[in-house]
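The values are calculated or read from the model by the stated rules, or taken from the named source; none is laboratory data. What you are looking at is a predicted structure, and each value in this text was computed from that prediction instead of being measured. Counting neighbours? That spans all protein chains shown, and the Cβs are built from the backbone with ideal geometry, glycine included. Areas reflect the complete protein model, heavy atoms only, side chains present, ligands, DNA and RNA absent. Shrake-Rupley method; radii C 1.70, N 1.55, O 1.52, S 1.80 Å.
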Amino acid sequence: EAAVTQSPRNKVAVTGGKVTLSCNQTNNHNNMYWYRQDTGHGLRLIHYSYGAGSTEKGDIPDGYKASRPSQENFSLILELATPSQTSVYFCASGRDWGYEQYFGPGTRLTVL
Amino acid sequence: GDKVKQSPSALSLQEGTNSALRCNFSIAATTVQWFLQNPRGSLMNLFYLVPGTKENGRLKSAFDSKESYSTLHIRDAQLEDSGTYFCAAEAGSAGNKLTFGIGTRVLVRP
């Protein structure tokens, strides 16, 4: 099974601060994804990537940037964190479009 | 949300009984995934489906793309089946991205 890891697992940030969430996958998957999970919404797609150097906007990209410096790593960047970005963030990877996605353990972010 | 509707929203089961969860799609789903989120928050892959059925132990899932729904059957429910079950659909019309339902919370009682 695919191995996807995330760091940090928990983060407390201040409003206006910069936050970087990191994701690593060791299965040579082309596609990587960032989701957030909020009560009543399920998981919603923020950004995704189909290979090193590419990033694409998902359904709720406002306030977030993404970076894919290598096949293995995909970061989510909050340049100016706001309390509305308090959430649980999940990273996922998949071989390609139309293939199964595998999720990391999640990062709980609290913005005060 | 509305593109993937899960029912019921919550379910309480006696240990050893059977039950079924359902997802209805208002998008042209081509594949479906089912996940179980355990109480610690981890998402476990249960099934990945193209149209058809799959079975794994006490779990069985079906996906009918023409009728736009998927089901997950739990047989002989055990305490470790407790958690929140999510379905997610991939549709060509949505850029092949996964669209999630808001989940079904399942509690298995001893």
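Would you point out which residue out of B:56, B:24 is at pLDDT 95 or above, out of contact with any Cys (no Cβ under 9 Å at 6 or more places or on another chain) and within 12 Å of residue B:89 (Cβ to Cβ)? Please lay out each step first, then the result.
Values: B:56 fails: within 12 Å of residue B:89 (Cβ to Cβ).
Answer to the check: B:24.
Residue B:4 falls short on exactly one of the conditions (1) under 13 Å from the mean Cα position of the chain (by Cα); (2) among the aliphatic types (A, V, I, L, M); (3) more than 11 Å from chain A (Cβ to nearest Cβ), and that condition is (3).
For region B:64-89, a tally of residues being open to solvent by 10 Å² or more (accessible area, probe 1.4 Å), within 14 Å of chain A (Cβ to nearest Cβ), under 28 Å from residue A:96 (Cβ atoms) and in a strand (DSSP E or B) returns 1. On the basis of being closer than 30 Å to residue B:83 by Cα and in contact (Cβ under 8 Å) with a residue 12 or more places away in the chain, does residue A:68 make the cut? No. Of the residues making up region B:82-99, those that are at pLDDT 95 or above and farther than 20 Å from residue B:53 by Cα number 3. Which of (1) over 12 Å from residue A:76 (Cβ atoms); (2) without any contact (Cβ under 8 Å) to a residue 40 or more places away in the chain; (3) open to solvent by 10 Å² or more (accessible area, probe 1.4 Å) is the odd one out, the single condition residue A:30 does not satisfy? Looking at each condition in turn, residue A:30 falls short on (2).
Could you count how many residues in region B:19-57 are part of a strand (DSSP E or B), more than 13 Å from every other protein chain (Cβ to nearest Cβ) and under 19 Å from residue B:78 (Cα atoms)?
Summing the residues that are part of a strand (DSSP E or B), more than 13 Å from every other protein chain (Cβ to nearest Cβ) and under 19 Å from residue B:78 (Cα atoms) in region B:19-57 gives 5.
The strands (runs of 3 or more DSSP E) falling completely within region A:1-95 that include 3 or more residues that are over 25 Å from residue B:102 (Cβ atoms) and within 15 Å of the chain's Cα centre (by Cα) map to A:19-25, A:73-78. Anything in region A:56-101 that is open to solvent by 50 Å² or more (accessible area, probe 1.4 Å) and within 14 Å of chain B (Cβ to nearest Cβ)? List them, or say none. A:56, A:57, A:59, A:95, A:96, A:97, A:99, listed by residue number.
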